[in-house]
């Protein structure tokens, strides 16, 4: 660029110099960020400190997901709060390989094309803290607003793909969903939540949680939906 104005020339020179400095700094900064996320550049002590999630429902006991004999997806309470999930159906709808159908009465789970509407999701075992929730008539499960647990009380959801009939009988043919609830120390001593929607819909929740000095934990909660 050519100019006859000395002040304009000085301004152009300063801009070019600043731009060259910025271009030299940005690749180095990007390289530092990429290097910090590369596991091959981490020391043995840093690798030992990497947190690995644990899963219970895959084998019936707690183990690391890297040791579990199944494909596992874990949805944490932070994920539930971040994405605004309000029902278990909302959570499962966003799990890879899962889909949810809703017929204005109930929600039905399907996995990779298996599980037609009206089958009551009776090929998937639903557990809460390891306790089976499938009903005794159709062997199905309830995952919509009729699900008995408020999603705000869920600590994590373990989704285990594949047949687990050896542990959870025939209803675990397509997979297992194990819901781990929060403890008394995981919630505020007293919390209240409420919501209002269209068509006269409302819901509310009151929760009390505490961990006493003697180690006793208490969690009491009441939820209403109409």
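Answer yes or no: is there a residue in the range 189-201 that is surrounded by 15 or more Cβ atoms within 10 Å (Cβ to Cβ) and either under 23 Å from the mean Cα position of the chain (by Cα) or at pLDDT 90 or above (or both). Show your work before the answer.
Step one: of the range 189-201, the residues surrounded by 15 or more Cβ atoms within 10 Å (Cβ to Cβ) are none.
No.
Just the residues that are outside any loop (DSSP other than H, G, I, E, B), under 30 Å from residue 104 (Cβ atoms) and without any contact (Cβ under 8 Å) to a residue 60 or more places away in the chain, please, taken from the range 153-177.
Within the range 153-177, 168, 170, 171, 172 meet the criteria.
For the range 60-76, enumerate the residues that are out of contact with any helix residue (DSSP H, G or I) (no Cβ under 8 Å at 6 or more places or on another chain) and either in contact (Cβ under 8 Å) with a residue 24 or more places away in the chain or closer than 20 Å to residue 148 by Cβ (or both). Give the steps one after another, and end with the answer.
Step one: list which residues in the range 60-76 are out of contact with any helix residue (DSSP H, G or I) (no Cβ under 8 Å at 6 or more places or on another chain), which gives 61-74, 76.
Those that are out of contact with any helix residue (DSSP H, G or I) (no Cβ under 8 Å at 6 or more places or on another chain) and either in contact (Cβ under 8 Å) with a residue 24 or more places away in the chain or closer than 20 Å to residue 148 by Cβ (or both): 68, 70, 71, 72, 73, 74, 76.
Kindly provide the set of residues from the range 214-225 that are modelled with pLDDT of 90 or more, surrounded by fewer than 14 Cβ atoms within 10 Å (Cβ to Cβ) and either outside any strand (DSSP E or B) or touching a helix residue (DSSP H, G or I) at 6+ places or on another chain (Cβ under 6 Å) (or both), ordered by number.
214, 216, 217, 218
Which is closer than 30 Å to residue 113 by Cα and modelled with pLDDT of 90 or more, of 169, 151? Don't jump to the end; show me each part of the working.
Numbers: 169 fails: modelled with pLDDT of 90 or more.
Within the list 169, 151, the selection yields 151.
If a residue must be assigned to a strand (DSSP E or B), under 27 Å from residue 135 (Cβ atoms) and either without any contact (Cβ under 8 Å) to a residue 40 or more places away in the chain or in contact with a helix residue (DSSP H, G or I) (Cβ under 7 Å, 6 or more places away or on another chain) (or both), how many such residues does the range 178-201 contain?
Of all residues in the range 178-201, those assigned to a strand (DSSP E or B) come to 178-181, 190-197, 201.
When the remaining residues are screened for being under 27 Å from residue 135 (Cβ atoms), the result is 178-181, 201.
Then keep just the ones that are either without any contact (Cβ under 8 Å) to a residue 40 or more places away in the chain or in contact with a helix residue (DSSP H, G or I) (Cβ under 7 Å, 6 or more places away or on another chain) (or both); that gives 181, 201.
Adding up the residues that qualify gives 2.
Which of the residues that make up the range 67-125 are over 14 Å from residue 179 (Cα atoms), touching a strand residue (DSSP E or B) at 6+ places or on another chain (Cβ under 9 Å) and part of a strand (DSSP E or B)?
98, 99, 100, 101, 102, 107, 108, 109, 110, 111
Just to be sure I understand, how many residues within the range 102-118 are surrounded by 15 or more Cβ atoms within 10 Å (Cβ to Cβ) and closer than 20 Å to residue 160 by Cα? First the steps, then the outcome.
Applying the first criterion (surrounded by 15 or more Cβ atoms within 10 Å (Cβ to Cβ)) to the range 102-118 yields 106-111, 115.
Narrowing the set further to residues that are closer than 20 Å to residue 160 by Cα leaves 107-111, 115.
Residues in the range 102-118 being surrounded by 15 or more Cβ atoms within 10 Å (Cβ to Cβ) and closer than 20 Å to residue 160 by Cα: 6 in total.
The values are calculated or read from the model by the stated rules, or taken from the named source; none is laboratory data. Since this is a predicted model, take the numbers as computed values, not measurements. Because the Cβ atoms are built from the backbone with ideal geometry, glycine has one as well, and the counts that use them run over all protein chains shown.
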